[in-house]
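Participant: If you scroll down you'll find the structure; I have some questions about it.
The values are calculated or read from the model by the stated rules, or taken from the named source; none is laboratory data. On a predicted model such as this, the values are computed, not experimentally measured, just so you know. Glycine also receives a Cβ, built like all others from the backbone with ideal geometry; neighbour counts cover every protein chain displayed.
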Amino acid sequence: MNYHVSALIGVPWGDEGKGKIVDLLAKNFNGVVRFQGGANAGHTVVINEKKTILHLIPSGILHPHTYNVMGNGMVIDFLTLKEEMDTLSAAGINFANRFYMSDQAHVIFPWHRIIDTLKSKGSLGTTGRGIGQAYEEKMRRTGIRVGDFSERAYLQERFDAQYASAVAYLQSECNSVEVVLDLLQNKMRDEKTGAHLGRFFSEQCWLDKEKIFKEYVEIAEQLQQYICDTVALLHKALQRGEKILLEGAQGTFLDVDHGMYPFVTSSNTITGGASAGTGLPPQYLTEIWGVFKAYTTRVGHGPFPTEQDNLGGELLRKIGDEYGATTGRPRRCGWFDAVLAKRAVLINGITDVALTKLDVLSYVDRIPVCTAYEKEDGTLLESFPKPYQFQQIKPHYELLPGWKTDVSHCRNFADLPENAQKYVKRIEEITSVPIKIISVGPAREQTIFR
Ligand code: IMP
């Protein structure tokens with residue numbers, strides 16, 4: 001039997017507009033599944049001019065005909081999930097019998113977020129969502145999984161151990177609880193977080209163990225109806241002939257193995273991660289969408305060869321509205337990097353591309369596309385650079401003529417100005433994959449299908 005499983009992967013560093021593309025593709029699928037990461041993602045979907053940012057719940061949730069699954073590879077912050085579900089429920093979204101979470105996914109606790117924020121100051125520039133800390137626990141085998149909440153004694157034992165090690169770490173790193181409280185009040189990246197997590201801290205006990213345990217158990221009870229063996233669920237769905245879309249978060253070069261280590265997230269963001277994070281074997285994946293932005297952005301630290309740390313980059317940021325959906329941080333901006341795109345095609349096995357934000361480039365006279373990297377002696381680099389070599393290379397650009405006209409109203413490829421068509425075709429030619437979707441604005445209808 002042929003199974004229909006597709007994956008959708010960001011290239012290169014996330015924020016390509018995956019939320020919109022999943023939303024567009026969702027009509028062809030029965031199920032949409034997240035397979036890695038957690039609330040570090042921010043998938044934006046705009047419907048009827050209303051913007052919804054999803055951090056944890058798959059972007060298919062806005063399509064009533066789909067079921068949505070949070071797979072075993074995810075790390076789930078119960079507090080954020082509850083908030084996200086409450087917001088969507090208030091907007092009329094129904095969860096019953098169409099939302100599921102894996103009993104094997106790991107749980108993020110308040111201490112993971114605090115320690116992430118403490119550790120990431122000035123170094124990696126993480127989102128502060130506790131992602132790396134929860135995956136650390138998973139790999140150290142001290143993690144707590146969603147399903148553990150139904151085994152109270154087992155849960156209590158693991159919870160006590162995690163709590164003790166977190167408090168010991170906090171006490172060794174911060175001289176007093178004031179330092180933690182200051183961190184919560186002034187340095188957490190999103191405004192709400194301080195208040196959100198602050199209630200678990202006090203002068204008397206640093207971290208209120210009983211309060212956290214009680215609240216998490218209560219949330220787990222409310223979520224009980226959605227928690228299940230999602231591996232069995234997905235396999236049964238495929239046997240019924242249903243179609244499943246695996247929604248990647250972050251991007252190829254934030255992958256913990258294939259990204260620019262150590263400036264990466266803590267999960268496998270590539271197609272390979274989709275299999276491990278869902279329990280669906282690799283050979284079931286027949287269609288792999290790569291989502292490229294027509295230029296490049298990055299949040300957080302790390303190499304970025306085509307970055308325009310100048311007025312040009314500022315203009316891209318302003319016109320492209322490039323501010324993080326999760327943290328609000330201004331994104332670093334630069335030109336399209338075909339070296340990264342080609343590498344991503346190889347690593348992920350990309351079969352189809354969605355090119356987003358083409359409209360943003362409408363103001364540029366001549367558009368640089370990086371086709372190779374140059375060494376310091378001016379010769380071209382033959383192999384893909386090691387992370388530390390990125391400081392020694394510079395991009396080699398091809399200049400493509402701009403189109404200097406608004407394309408946000410175009411709905412067919414033929415409607416695009418000739419130079420915009422040439423830009424799309426050139427990227428196709430360099431990367432050797434067909435660009436099947438072109439997005440020319442945030443709304444669903446601002447899309448060209450080829
Ligand atoms: P973490 O995933 O919060 O640990 O952050 C690790 C790196 O990945 C940082 O540079 C973040 O800015 C980046 N990152 C994490 N999630 C996203 C995302 O969804 N979009 C873009 N960058 C991300």
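Participant: Could you grab me the full set of residues in the range 393-442 that are among the basic types (Lys, Arg) and more than 28 Å from the chain's Cα centre (by Cα)?
Facilitator: 404, 422, listed by residue number.
Participant: Among 180, 146, which is the only one that is at pLDDT below 95 and of a type in the set (Val, Ile, Thr)?
Facilitator: 180 is the lone residue from the list that is at pLDDT below 95 and of a type in the set (Val, Ile, Thr).
Participant: Here are some conditions: (1) part of a helix (DSSP H, G or I); (2) within 15 Å of the ligand (Cβ to nearest atom). Residue 126 meets all but one. Which one does it not meet?
Facilitator: If we test residue 126 against (1) part of a helix (DSSP H, G or I); (2) within 15 Å of the ligand (Cβ to nearest atom), just (1) comes out false.
Participant: Of the residues 105, 168, 153, 164, only one is farther than 25 Å from residue 198 by Cα, loosely packed, with under 13 Cβ neighbours inside 10 Å, out of contact with any Phe, Trp or Tyr (no Cβ under 7 Å at 6 or more places or on another chain) and of a type outside the set (Ser, Thr, Tyr); which?
Facilitator: Residue meeting the stated conditions: 153.
Participant: Quick check on my filter: what residues within the range 235-257 are near the ligand (Cβ under 10 Å from one of its atoms) and surrounded by fewer than 24 Cβ atoms within 10 Å (Cβ to Cβ)?
Facilitator: Listed by number, the list holds a single entry, 256.
Participant: When you go through 61, 53 one by one, which is the residue that is over 11 Å from the mean Cα position of the chain (by Cα) and within 12 Å of the ligand (Cβ to nearest atom)?
Facilitator: Checking each option against the conditions leaves just 53.
Participant: Within the range 391-412, does at least one residue satisfy the condition of being within 22 Å of residue 13 (Cβ to Cβ) and of a type in the set (Asp, Glu)?
Facilitator: yes
Participant: Please pick out the residue among 328, 273, 290 that is of a type outside the set (Ser, Thr, Tyr), outside any helix (DSSP H, G or I), out of contact with any Leu (no Cβ under 6 Å at 6 or more places or on another chain) and at pLDDT 95 or above. If you could, list the steps in order and put the result at the bottom.
Facilitator: Values: 328 fails: at pLDDT 95 or above; 273 fails: outside any helix (DSSP H, G or I).
It is 290.
Participant: Let me ask something else. Can you name the residue in the range 306-335 that is under 25 Å from residue 374 (Cα atoms) and surrounded by fewer than 19 Cβ atoms within 10 Å (Cβ to Cβ) and is also nearest to the ligand (Cβ to nearest atom) among such residues?
Facilitator: This residue is 307.
Participant: In addition: Scan the range 425-433 and tell me whether some residue there is in a helix (DSSP H, G or I), of a type in the set (S, T, N, Q) and over 17 Å from residue 354 (Cβ atoms).
Facilitator: No, the range 425-433 has no match at all.
Participant: Take the residues of the range 19-50 that are within 29 Å of residue 134 (Cα to Cα) and assigned to a strand (DSSP E or B): which is farthest from the ligand (Cβ to nearest atom)?
Facilitator: Filtering the range 19-50 for residues within 29 Å of residue 134 (Cα to Cα) gives 19-23, 31-45.
From the residues that got through so far, the ones that are assigned to a strand (DSSP E or B) too are 31-34, 37, 43-45.
On the way: 31: 22, 32: 17, 33: 17, 34: 12, 37: 7, 43: 8, 44: 11, 45: 14 Å.
Restricting to residues being within 29 Å of residue 134 (Cα to Cα) and assigned to a strand (DSSP E or B), the top hit is 31.
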